[in-house]
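J.: Pasting a structure here, questions to come.
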Amino acid sequence: MEQTEESIESVYLKRRSRLPLWMEIAVVLGLKIAMLYAIWITCFSHPTAKHMHVDDAQMNAHMLNQFSQSDPGRSEVPQKGQ
């Protein structure tokens with residue numbers, strides 16, 4: 001009975017590869033980074049609608065116009081309890 005328990009423990013504790021632990025960790029991290037980069041390239045690197053483009057100057061003017069039209073008496077950060 002002791003021999004079977006010992007063999008079961010040795011199977012679970014034995015590492016699957018013969019690489020040093022630091023190298024296994026480095027390989028796994030490298031693979032994860034490569035997969036995340038591939039997902040980013042596939043899903044997020046290109047806009048879905050290339051024809052929809054707003055000039056930066058036009059966007060800034062629009063945002064500044066909205067900010068200047070806001071109520072000047074109102075504080076920008078709401079107070080607690082309001």
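J.: Taking the Cα-to-Cβ direction at residue 26 and at residue 63 and moving 7 Å from each Cα, how far apart do the two end points lie in nm?
T.: A separation of 4.2 nm, rounded to one decimal place.
J.: Between residue 39 and residue 53, how many nm apart are label points set 7 Å from Cα along the C-beta direction?
T.: For the pair residue 39/residue 53, the computed spacing is 3.0 nm.
Read the figures in this text as sums done on the coordinates, not as results from a lab. All figures in this text were calculated on a predicted structure; none of them were measured in a lab. Ideal geometry is used to build each Cβ from the backbone, glycine not excepted, and the neighbour counts take in all protein chains shown.
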